[in-house]
Number of protein chains: 2
Amino acid sequence: MRLATLRVNGSTRAAVRVGDSYALLEASDVAALLRTPGWEALAARAQSAGTMVPSDTADFAPLVNTARKIICCGLNYKDHIKETGRDTPEFPTLFGKFNDTLTGAFDEIELPIESDRVDWEAELVVVVGSRLSKATPAEALRSIAGYSIANDISMRDWQQRTLQWLQGKVFTATTPLGPEMVTADEFDPTQPHAVSTFVNGQAAQESTTDQLIFTSADLLSYISTFTVLSPGDIVLTGTPGGVGMGKTPPQYLLNGDLLVTSIEGIGSQRNVMKEAKLG
Amino acid sequence: MRLATLRVNGSTRAAVRVGDSYALLEASDVAALLRTPGWEALAARAQSAGTMVPSDTADFAPLVNTARKIICCGLNYKDHIKETGRDTPEFPTLFGKFNDTLTGAFDEIELPIESDRVDWEAELVVVVGSRLSKATPAEALRSIAGYSIANDISMRDWQQRTLQWLQGKVFTATTPLGPEMVTADEFDPTQPHAVSTFVNGQAAQESTTDQLIFTSADLLSYISTFTVLSPGDIVLTGTPGGVGMGKTPPQYLLNGDLLVTSIEGIGSQRNVMKEAKLG
């Protein structure tokens, strides 16, 4: 099953994919849907009886906009760790984002005027399906609702101003999330699914999901040691090698650049970078 | 005016202080209250007509439990920076917390069994009163609803496992917040209000709020550059010198320890540390 969150009549609605359309569901976003007991039955029923939106007219909001927790892992692909000059980690490196940091999978992304080092980070996203506290990796695996795509666009100058990365990672509407979540029965990230970023048609990042040091289940289990995860929470699992700051010379995103972020078996995002209007 | 969030009949309610009592308000917590247009008039009216709870029977929930953003500043007192061996920063060091990281000002705090380096950090808390985006410090100052107290209890072993502090800062129900928020017209943190932590009656941290490098207004203005702040959001402004890990030898919190965290002109928290029950 494939879920999305669409912009409909000035609001947002969770939706389920039916062929070339989406059937609208009674929830404001995929996170709210996953918090609804029996959501699978609701989604199955809507597939035959819901209001349909053809996919070519669908306007994709961020996959979730009411997550209680958005947690990101850094330094989780062997090749990206190598390009940052660091050692293979014993523990996952974690930081947070906010709901309004997210944006739609096909939205224009405004380049913050406060930064001139805007970089890309293609990431597999895990969507939590049930409450998790002090869970084993096996329990965590069973709690996964599905998988999606994000680009953890990072303002490197702000990220590196201090020891903590948060301020370079949470500019408003800079992390595209979606367009769809593929349910966990249809996607296994421990298989080698291609993860890529293309900038203006040129390959920048190319890896596979099986190169993650900490798997999706490992991450949820670890996080659940210290904080409770709930349905609709998301974890960004980290990015592979090939980010702009690792290139010689470094490459950053500019006005008009087309960023295409893909994970084989899930889908693709297409975001055009746009200069902020002054004043 | 002094606001609090009380536990009432299995739920929580915002309340306003009236002499030795609190008048209950139609909001689930102080953050929800601050998101209600005209909350000042509602609070003023309740002071004469609301349901009263005597303060000696009041059960204090965390001051907010529905903040959209909880942002913390590290390294913001000159004396604490000195004890960590770092230079005076050019920019504030920022990280996040979650609503369920917070706990009541008089609650027992469970020592996480996963940590044996649980440390204290007394902090002035700024509560946002109106929407802030790309605000000047003067605009930010006008947006402040009030001030409260937190102890940013930190699991130093987890905080130092990786480059990012988040995992040592967000264990469930470990950051007491409250008991009250004092409105901004009654408290000026640029004056030298004493900030202190006492552990079992012994002074551990003793400083004054005017020793902050980045003021409350500076912090809100800076944060509003990259993310929008809303009513009920809170910013923990950093801790002064005297944390346990800075002592020789280091001192960490143990079962039964009494932690008293105070800011002159706002109030005090009293939290007993309690060993987690196994199984």
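When chain B is turned onto chain A, the axis of that turn runs closest to one Cβ of chain B, and that residue with its distance in whole Å is B:G96, 2.
Two-decimal Rg/Rh of region B:70-275 from alpha-carbon positions, Kirkwood Rh?
So for region B:70-275, dividing Rg by the Kirkwood Rh gives 0.94.
In whole percent, what relative contact order does region A:154-246 give with Cα contacts below 8 Å and a gap of six or more residues? Reported as a whole number, the value is 20 percent. Take each residue of peptide B:235-245, count the partner chain Cβ atoms within 10 Å of its Cβ, and average: the result is 0. Residue order for A:M181, A:M155, fewest other beta carbons within 10 angstrom first, comes to A:M155, A:M181. Computed from the Cα positions only, the extents of the protein assembly as shown along the three principal axes stand at 64, 58, 52 Å, in decreasing order. The mean sequence separation of alpha-carbon pairs under 8 Å and at least six residues apart, normalised by the residue count of region A:1-80, gives a relative contact order of 31 percent. Label point of B:R7 (7 Å along Cα→beta-carbon): distances to the other copies' equivalent points are 4.3 nm, sorted ascending. Between copies, A:L254 shows label-point distances of 6.3 nm, shortest first, with the point placed 7 angstrom from Cα along Cα to C-beta.
The order of the peptides B:182-193, A:73-84 by mean Cβ neighbours within 10 Å, most packed first, is A:73-84, B:182-193. Distances between copies at B:K274, taken between label points 7 Å from Cα along the C-beta direction, are 5.3 nm in increasing order. Length gained on full extension, B:Q191 to B:N255: 19.5 nm, using 0.36 nm per residue less the C-alpha separation. The order of B:W39, A:W165, going from fewest to most other C-beta atoms within 10 Å of their C-beta, is B:W39, A:W165. The average projected area of region B:2-57, computed from the convex hull of its Cα atoms over all directions, is 3.4 nm². Listed from fewest to most Cβ neighbours within 10 Å, the set B:K69, B:K277, A:K247 follows the order B:K277, A:K247, B:K69. Amide H contacts for A:I144 (H built 1.01 Å from N in the peptide plane; partners 5 or more residues away or on another chain; cut-off under 5 Å): A:G129.
If you run the Gaussian network model on chain B, springs between alpha carbon atoms under 10 Å, then out of B:V170, B:V235, B:V64 the most flexible one is B:V170. Give the separation of the Cα centroids, region B:237-254 to region A:97-126, in Å. Spelled out, the Cα-based centre of one part sits 37 Å from the other. Between region A:1-47 and region A:166-220, what is the C-alpha centre distance in whole Å? About 22 Å separates the Cα centre of region A:1-47 from the one of region A:166-220. What number comes out for the charge environment of A:R2, summing +1 per Lys or Arg and -1 per Asp or Glu over other residues with Cβ under 14 Å away? So the surrounding residues net to -4.
Read the figures in this text as sums done on the coordinates, not as results from a lab. Predicted model only: the values in this text are computed from it and were never measured. Virtual Cβ from ideal backbone geometry, glycine too; neighbours counted across all protein chains shown.
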